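Read the structure below first, then the notes.
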Amino acid sequence: MLGEGGAPRPTESLPSQDAPTPPLPNGAVPPTPSGRTVEPRHVRATPSWWTRAPSAVYIAIGVTGAIGLFFAMGALGYYSIPFIIQNLPQGFGPVQTSLEFTTYTFVIGLGLAMGLGLVRAHPPRRDPAASRKRRRSQLSLLWRWPLYGFASGYVAAIRGTPFLVQLQIVYLIVIFTSPRFEFAGWNAAYWAGFFALLINTTGYQTEAIRGGVQSVEAGQIEGAKAVGLGRFQTFVRITMPQTLRLITLPLTNEWISNFKTATILSYIGVFEVFDWSRTNIALTDARPIEAFVMLTIFYLVINVSLSRVITFVERVRRIPGLGSPIPEVGVSKRILGAGILTDRHGGSG
């Protein structure tokens, strides 16, 4: 072929089909003869047994390992397993006392925290669009600001101080006021511990409820107003059902924390499970290691069982689309890396 001016035109060399295709940057796939670029296809690795196994299998493996470790340390002579098995039933009574303190204060504190949480979730603000001439609006600000200030200060004081300090303050107030007070079989020390634990758990539950109420979308509240629901009906039918589902796990964590915090009541003379293990087993029987092994058994059985049950209930009763739950990553993906998306060239996606 001739080019301009009669000069021979250089021929274009076509790539041979047998010649290797040079690699493209960033791992891209070369275009096909039709000119289209084929994206790398991700294929899932063959699921292994660890991936297909349900979570109950991992729980069973963990429980079996814990039991095996318990008997192995006993066989090595760190503590006496027959002594633990023989004396473990003696702790049922003190455990019941701890459960009573925890449950009673938690339930009563939940009722108190419901009101404080609603106050914290709706801070008083001046609305520039509203008429300032309405006397009702001005009077509402007179009581809403002090109430909001009290709720915020209460939560800050409870969360910012140790429970031991709170317990000592309440105990000294009760002892100096009425040292011989006794009601329902409890003396002044027991009631001081009860009120201290109640004051503490109410502060933490208030923040959980505040977060749950504020997590309800504003569009649902506006929709309830659009269909003619009043404030009370909106709260009962829209806000409260969603709030309770959103705070199920935080409240469960608070109950577990309250149960463990109840051990500090032993410092004011409340005979609960920690005081029992320390006094009757560690000091009287001179078995300190066995005492805290039994204490560990009680706490693990109660807390882990409750946590698993509430997690199952929360997963079953969860409203689709409510909140942004993060999917649980199984042990196989977290540790073994099974079930990860891989492409044909060995990359991961």
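The values are calculated or read from the model by the stated rules, or taken from the named source; none is laboratory data. Please read all numbers here as calculations on a predicted model, not as lab measurements. All Cβ positions, even for glycine, are placed from backbone atoms using ideal geometry, and neighbour counts span all protein chains on display.
On the basis of being modelled with pLDDT of 80 or more, of a type outside the set (V, I, T) and in a helix (DSSP H, G or I), does F70 make the cut? So F70 does not fit the description; no.
Residues that are of a type in the set (G, A, S), in a helix (DSSP H, G or I) and either more than 21 Å from I297 (Cα to Cα) or at pLDDT 80 or above (or both): does the stretch 102-110 have at least one? Yes - at least one qualifying residue is present in the stretch 102-110. Here V236 fits the description: without any contact (Cβ under 8 Å) to a residue 60 or more places away in the chain and surrounded by fewer than 14 Cβ atoms within 10 Å (Cβ to Cβ). G111 meets the stated requirement of being surrounded by fewer than 11 Cβ atoms within 10 Å (Cβ to Cβ) and closer than 30 Å to P146 by Cβ. Taking the criterion of being loosely packed, with under 12 Cβ neighbours inside 10 Å and closer than 17 Å to Q205 by Cβ, the only residue of the stretch 157-166 that qualifies is G160.
Close contacts from the stretch 210-224, counting a first residue that is closer than 18 Å to G111 by Cα and a second that is not aliphatic (A, V, I, L, M), with Cβ to Cβ under 6 Å and a gap of 6+ residues or different chains, come to R210/G117; R210/R120; G212/T243; V213/T243. Looking at the stretch 167-178, is at least one residue modelled with pLDDT under 95, outside any helix (DSSP H, G or I) and either out of contact with any helix residue (DSSP H, G or I) (no Cβ under 7 Å at 6 or more places or on another chain) or loosely packed, with under 15 Cβ neighbours inside 10 Å (or both)? Scanning the stretch 167-178 turns up at least one residue that is modelled with pLDDT under 95, outside any helix (DSSP H, G or I) and either out of contact with any helix residue (DSSP H, G or I) (no Cβ under 7 Å at 6 or more places or on another chain) or loosely packed, with under 15 Cβ neighbours inside 10 Å (or both). Looking across the stretch 75-98, just one residue is in a helix (DSSP H, G or I) and over 23 Å from T279 (Cβ atoms), and that is A75. If only residues of the stretch 72-87 that are in contact with a Lys or Arg (Cβ under 9 Å, 6 or more places away or on another chain) and of a type in the set (S, T, N, Q) are counted, the one that is farthest from M294 (Cα to Cα) is S80.
Cβ-Cβ distances below 7 Å connect the following pairs, each with a first residue in the stretch 283-296 that is assigned to a helix (DSSP H, G or I), a second residue that is buried (at least 20 other Cβ atoms within 10 Å of the Cβ) and among the β-branched types (V, I, T), and a separation of six or more residues or different chains: E290/I281; A291/I281; M294/I281; L295/V273. Residues that are hydrophobic (A, V, I, L, M, F, W, C), crowded, with 21+ Cβ neighbours inside 10 Å and over 22 Å from F70 (Cα atoms) within the stretch 269-308 comprise just one, V270.
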